[in-house]
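**Student:** Questions regarding the structure given below will be posed in turn.
The values are calculated or read from the model by the stated rules, or taken from the named source; none is laboratory data. These numbers come from a predicted model, not from an experiment. Virtual Cβ from ideal backbone geometry, glycine too; neighbours counted across all protein chains shown. For accessibility, only protein heavy atoms count, side chains too; no ligands or nucleic acids. Shrake-Rupley method; radii C 1.70, N 1.55, O 1.52, S 1.80 Å.
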Amino acid sequence: MNVQLKELRYAVTLAHAASRLAAPSVVRAIGLAVRDGALELTAGGGGPFLRQVLQPEAPSLLPAEPVVLPAEVLHAAVTGLRGEEVRVSLDGGLRLEVDGYKVNVIPLEEAPENPESPLAGGARLRLPAKAFYEALRYVAQALPKGDEQPRFEKVLLEVEPGGALHLYATDGFWLTTAEVHGAGEGLPEAPAQLGLHRSYVGLLHFLSRAGLEEEATLSFDFSARRLGVTDGEGRELVLPGSEADFPDFSKFLAGGQPTRIVVDAEALATAVRRMRSLISKKDPIHLYFVAEAQRLLLRARGDYGSAEANLEVRGAGPSFRLAFAPRYLLPSLTGLGQATLAVGGQRDPLLVEGEQTRAVVMPLLVDSTGVWSDFDEPAAGRAA
């Protein structure tokens, strides 16, 4: 059968990523089969599962035995091809032909069993794929990077009876949350939760290559702790979940903070980004909301220099002075047009609210008296 090389490369790359999420004891493999005249690719085992179907230029009428191939080899073979259309043959192995070039991939001698989709039934929620992807990408910023030792490392999904999906993530020092609205059937009668450990990485990769202009269907099996995602083109990904244990940040998300100010999020992010380049990772950025002047002042001092910024805001409530680590403050502003900053007190967390996102940023308990020792509120108001 002949398929578009671009589509095959796309499918194999996604299957290769899914195979890398399998349990360590499972051989990383990709299964190929011809079903109903189309080419089916499957990957996973011991946890995640991915199923994709490629429609050929013309349906294949020839019988073909399913094959299971080493994921790394297949990925290297397909990504090395150039051309528009590739001929795919399954005959005890895989043969690819494009523009006079041929490559054969030998199947695994001891192949793992080709998985079947392990998710059936349960609650189903349909929502915009792009909105879900952007929400997941926003909250995932709170998860630890590199060699950081996490206190928590999971994304929490909470489904409400009305079809709202809440996403939460934290590393124990700050919290990100987002909300997406959808509709479905079999939804729980009370809010139900499912955790995603490292498998959220595979979900992000899957969504980034999905048809984001279409709807995505989420299938929840809360008892078995599994999540299924089907995109608008029929690709299916099933991921293992985890317990929904999570720290209680509800008191910080409840609202009611006495000080609330509205600021241009991009202007604030630009100021923080510029200041960060002049200070070390241990140095904070100081924020001072001057209620009488309706200004937000920022100052940073480090071994390499100092900087300050003066932003116009709209707000109500008493003035506050707080200090934050830029590594937490800056991502909280990602993708926001306007942001509402809410503060309960001089040592309370900062709540950063967007249209569909919120972040709770813990302040640094540092003495900022010297930072503002030269500050004169009326003068600052006139200068603005």
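**Student:** Name the most mobile residue of VAL98, VAL34, VAL201, meaning the one with the largest mean-square fluctuation, in a Gaussian network model of the chain with Cα contacts below 10 Å.
**Tutor:** Highest fluctuation of the listed residues: VAL98.
**Student:** Taking loop as defined by DSSP and a crowding limit of 14 other beta carbons within 10 Å, which chymotrypsin sites (Phe, Trp or Tyr not before Pro) in the range 238-326 fit? It would help to have the intermediate numbers written out before the result.
**Tutor:** On the way: sites: PHE249, PHE252, TYR288, PHE289, TYR304, PHE320, PHE324; in loops: PHE249, TYR304.
Answer in residue order: TYR304.
**Student:** At a Cα cut-off below 26 Å, give the lysines reachable from LYS154, other chains included and same-chain residues fewer than 8 away excluded.
**Tutor:** Within the straight-line cut-off, LYS154 pairs with LYS130, LYS145, LYS251, LYS281, LYS282.
**Student:** Here's something else I'd like to know. Please determine, in degrees from 0 to 90 and to the nearest 10, the orientation of helix 265-276 with respect to the longest principal axis defined by the Cα atoms of the chain, where the helix direction is its Cα long axis.
**Tutor:** 80 degrees
**Student:** Applying the Karplus parametrisation 6.51 cos²θ - 1.76 cosθ + 1.60 with θ = phi - 60° to the phi angles of the range 71-85, what ³J(HN,Hα) value in whole Hz is obtained for each residue in order, glycine and proline being reported as x?
**Tutor:** Along the range 71-85, the couplings run 4, 5, 5, 4, 4, 5, 5, 6, 5, x, 7, 10, x, 9, 10 Hz.
**Student:** Starting at the first residue of the range 282-298, write each ³J(HN,Hα) from the Karplus equation 6.51 cos²θ - 1.76 cosθ + 1.60 with θ = phi - 60°, in whole Hz, x for Gly and Pro.
**Tutor:** Taking θ as phi minus 60°, the curve returns 7, 8, x, 10, 9, 10, 9, 8, 9, 4, 5, 9, 6, 10, 10, 9, 10 Hz for the range 282-298.
**Student:** To the nearest 10 square angstrom, what accessible area does GLU243 show with a 1.4 Å probe?
**Tutor:** 100 Å²
**Student:** Report the residue, chosen from ARG327, ARG124, ARG137, that carries the largest GNM mean-square fluctuation when the chain is represented by alpha-carbon nodes joined by springs under 10 Å.
**Tutor:** Its mean-square fluctuation being the largest, the pick is ARG327.
**Student:** Only sites in a loop by DSSP and with at most 12 other Cβ atoms within 10 Å count here; which trypsin sites (Lys or Arg not before Pro) in the range 179-264 make the cut? Intermediate values should be presented prior to the final figure.
**Tutor:** Details: sites: ARG198, ARG209, ARG225, ARG226, ARG235, LYS251, ARG260; in loops: ARG198, ARG209, ARG225, ARG235.
Answer by residue number: there is no such site.
**Student:** Once phi is turned into θ = phi - 60°, what whole-Hz ³J(HN,Hα) does the Karplus curve with 6.51, -1.76 and 1.60 give for every residue of the range 175-190, x standing for Gly and Pro?
**Tutor:** Result, rounded to whole Hz: 10, 10, 8, 9, 9, 10, 10, x, 9, x, 9, x, 5, x, 6, 9.
**Student:** How high is the FRET efficiency from GLU312 to ASN2, r the C-beta distance, R0 45 Å, rounded to 0.05?
**Tutor:** For R0 = 45 Å, the calculated efficiency reads 0.15.
**Student:** Mean-square fluctuation check for the chain, GNM, Cα pairs under 10 Å: which of SER250, SER332, SER277 is largest?
**Tutor:** Highest fluctuation among the options: SER250.
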